[in-house]
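Working notes, beginning with the structure itself.
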């Protein structure tokens, strides 16, 4: 669910291509019109060619920069650029197209249709009126695409109609990179936020073709990454990830997006560096607008997860404590009880970070384990909190508390299932979220059964959980199921002395979450326990490389298992 090379300290240029010639844009210190830029320096976002019919060079400059931000999913910044282009040339049809496009977020299955239509109606009160605002057939085609995207009917049907239109445009303009890329993005959009591998591969092929022709086109690199950011296909996006981070150092989302590939491949040093870079961009922009730095949200969650995999529990705790202090100081509460994306507001994001820390560290920091949150009965943070507290109670041997937390977890799960069923539109992402809860429920039941010495029932339950998780579409980022089920299966089998089966379970988890530290640690222990010392040494070497900068106490786990 949803939903950066570092900025330089000297003057850098935003190199763009206008029509067939390069065009350079400068940001000037102290210019209030440039406050939407990431900082006082000139910004670098990549290079594209997107000629239009406007006769205003400044409007064209603003438009091209808006498209660059649009490709990078920096939607508010893109919107400002398109509005600037409109102000400079009120009859600039493509500036209205660009602003309307900022209200469609296909990867996240989000759309603000009313806002988009308001923009289009400013250009013209009807599709025919809007078409008359440009003499270019290609621009007419772009505008017609939005009449489908924001037309009547269910969103899923409109997404498909838009994708078909973009397919026709791609056939009509085979050498136009931007047309090709918006078609590639539309293919991803019809999946409604849930990965469909054949469709994603079709999209990837288009983006890769453009990327090979222009390795500084941020849309090509970005959309390619989104199409292949799963553990199986991630190697196909490694070059694009490196290129995107380098070509757009002043876009926080570009810096973060590189980590989609790094995380899927288990490249933890790169995950941490990418999200640190992303937050430097974000916090620099906040500083320039007189706002404080933030330590929660999507990029910080990924940063925390990377630090935990590196074994840098102290650094992860420092980040988490700062995020918690910010939430307490702000009096943060969930924005929407039905919002299932914890990245969308402060309190759910902090709960998500806390849960990740508790699971990866086993709840060893009892001060952090004792934190409380004002969740206002919101589903996502409440379910996450109860799940983690049940696990923590089991780790402490308190079966009564574990059962009590499970009762609340199952109550909220049932209520959410009813609420989703009653919605007019049951989005695939919501249904996938319910599948996730089913797996987590089985995991808690399995842990309780194991604590009750009912080993066979426990193993059956967690095997069922692992099978269900294996059937789910791959999800990018930190584990969608908070406690990966094959990892839990391996731990129970290892504790039960069934070492060969434990090896298989940890190896399976290693395929699902490449180079994750806890499955590697479990694999090393299981191989050693069954006498496969060479295999154990190999697993240890892989883990030692990941933990090369780990806290002393974490590295001690390697030494104790030697």
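Each value in this text was obtained by applying a stated rule to the coordinates, not by laboratory testing. Every value quoted in this text rests on a predicted model; they were computed, and no experiment measured them. Cβ: placed from backbone, ideal geometry, glycine included. Neighbour counts: every protein chain shown.
Legend: translational diffusion of the chain by Stokes-Einstein, Rh = Kirkwood radius over C-alpha pairs, 37 °C, 0.692 mPa s; D = 132 µm²/s. Note on residue 291 and residue 421: with the Förster distance fixed at 41 Å, the Cβ-Cβ geometry gives a FRET efficiency of about 0.55.
Taking the square roots of 5 times each eigenvalue of the Cα gyration tensor of the range 485-525, largest first, gives ellipsoid semi-axes of 15, 9, 8 Å. In this label model, residue 57 and residue 474 are separated by 4.7 nm, measuring between points 7 Å along each Cα→Cβ vector. Here the range 417-451 is scanned for amide nitrogen atoms under 13 Å from the site 7 Å beyond the Cα of residue 403 along Cα-to-Cβ, giving 448-449, 451. The calculated 222 nm mean residue ellipticity attributable to helices in the chain amounts to -21000 deg cm²/dmol, summing -39500 (n - 2.57) over DSSP H runs of n ≥ 4 and dividing by all residues.
Spherically averaged projected area of the convex hull of Cα atoms, the range 14-288: 13.4 nm². Taking only the alpha carbons of the range 150-212, we obtain Rg and Dmax values of 11.7, 37 Å in that order. Mind jotting down the distance between the C-alpha centroids of the range 211-245 and the range 351-407, whole Å? For the range 351-407 versus the range 211-245, the Cα centre distance is 37 Å.
Sorting 232-238, 260-266 by average packing, meaning the other beta carbons within 10 Å per residue, from highest down gives 260-266, 232-238. Rounded, prolate or oblate: which one fits the range 472-562, using the alpha carbon gyration tensor with axes a ≥ b ≥ c (rounded when a/c is under 1.5, else prolate when a/b beats b/c, else oblate)? Taking the square roots of the gyration eigenvalues as a ≥ b ≥ c, the range 472-562 is oblate. How many angstrom separate the Cα center of the range 269-294 from the Cα center of the range 134-178? Each part reduced to its Cα centre gives a spacing of 35 Å. Packing order of peptides 470-483, 501-514, 396-409, highest average first: 501-514, 470-483, 396-409 (average count of other Cβ atoms within 10 Å over each peptide's residues). Note on the chain: antiparallel DSSP beta bridges, both residues inside, total approximately 90 percent of the bridges counted.
A Förster radius of 30 Å, combined with the Cβ-Cβ distance separating residue 336 from residue 451, puts the computed FRET efficiency at roughly 0.25. Determine the shape class of the range 118-161: with a ≥ b ≥ c the square roots of the Cα gyration tensor eigenvalues, call it rounded for a/c under 1.5, and otherwise prolate if a/b is greater than b/c, oblate otherwise. Because a/c hits 1.5 or more and a/b fails to exceed b/c, the range 118-161 counts as oblate.
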